[in-house]
């Protein structure tokens, strides 16, 4: 079976397993409603997309006939707004969601979707860097996109998108180690690294003078043309002319 190109979007509720079973069912139902309504409100027909329930998450496969920019711009903006306005979970905690996106080649059979390009978004969601993005934060969403999706689409700042709000992160999950791009609306974005500074130019060598070298410590005074003071010392340079060297008595 040949794969088909598409955009994979996974939306997962944070701390889903902490809920009771009845609360899980309620939150899962709300999650599906928020995602479906966000697609339709943004002008991307929900019925044209394929989707699967993954317990704490909903997997959406957007066909290649739909521009990626329509999903990564208007749909995500609408979804983040709706999540921010969603009622609290039944246990009183605010709903927080993690979103991962990646474009690639997707297989589908009677059992559902499969392939490495379907696995990658789930690895992004399961990474420590994304799980910690919402820990202790009042932000309601964290969005991570694969490096290839960022380079091909997100960074170009198409209408409704802002690539500059994403920053690179290293994702480590199971046997996967990749670079991805993270955005936490309302979260703290680390400042860019300062530009590397060139090392200062080496100081020019001190000029070499022939003759005697005189150093003094403590008070220094001149008496009748003679340098005097505490700890006054004199030294002759090795290259002083022979007629200037002091003869030993």
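One residue is enough: does region 87-95 have a residue meeting the conditions in a strand (DSSP E or B) and at pLDDT 90 or above? For region 87-95, residues in a strand (DSSP E or B) and at pLDDT 90 or above: absent.
Is it the case that residue 57 is within 22 Å of residue 176 (Cβ to Cβ) and without any contact (Cβ under 8 Å) to a residue 40 or more places away in the chain? So residue 57 fails the test.
Total residues in region 143-171 satisfying the condition of being touching a residue at least 40 places away in the same chain (Cβ under 8 Å), touching a strand residue (DSSP E or B) at 6+ places or on another chain (Cβ under 8 Å) and crowded, with 16+ Cβ neighbours inside 10 Å: the figure is 10. Return a yes/no flag: does region 119-142 have any residue that is in a strand (DSSP E or B), in contact (Cβ under 8 Å) with a residue 40 or more places away in the chain and closer than 18 Å to residue 10 by Cβ. Yes, the conditions are met somewhere in region 119-142.
Examine region 36-52 for a residue that is without any contact (Cβ under 8 Å) to a residue 60 or more places away in the chain, in a helix (DSSP H, G or I), closer than 20 Å to residue 149 by Cα and within 29 Å of the chain's Cα centre (by Cα), and state whether such a residue exists. Yes: region 36-52 contains one or more residues that are without any contact (Cβ under 8 Å) to a residue 60 or more places away in the chain, in a helix (DSSP H, G or I), closer than 20 Å to residue 149 by Cα and within 29 Å of the chain's Cα centre (by Cα). Within region 6-25, the set of residues being more than 25 Å from residue 65 (Cβ to Cβ) and surrounded by 14 or more Cβ atoms within 10 Å (Cβ to Cβ) comprises 12, 13, 14, 15, 16, 19, 23, 24. If you go through region 82-109 and keep only what is within 27 Å of the chain's Cα centre (by Cα) and free of Cβ contacts under 8 Å to residues at least 24 places away in the same chain, you end up with just 85. The one condition from (1) modelled with pLDDT of 95 or more; (2) crowded, with 18+ Cβ neighbours inside 10 Å; (3) within 16 Å of residue 86 (Cα to Cα) that residue 36 does not meet is (2).
The values are calculated or read from the model by the stated rules, or taken from the named source; none is laboratory data. Since this is a predicted model, take the numbers as computed values, not measurements. Ideal geometry is used to build each Cβ from the backbone, glycine not excepted, and the neighbour counts take in all protein chains shown.
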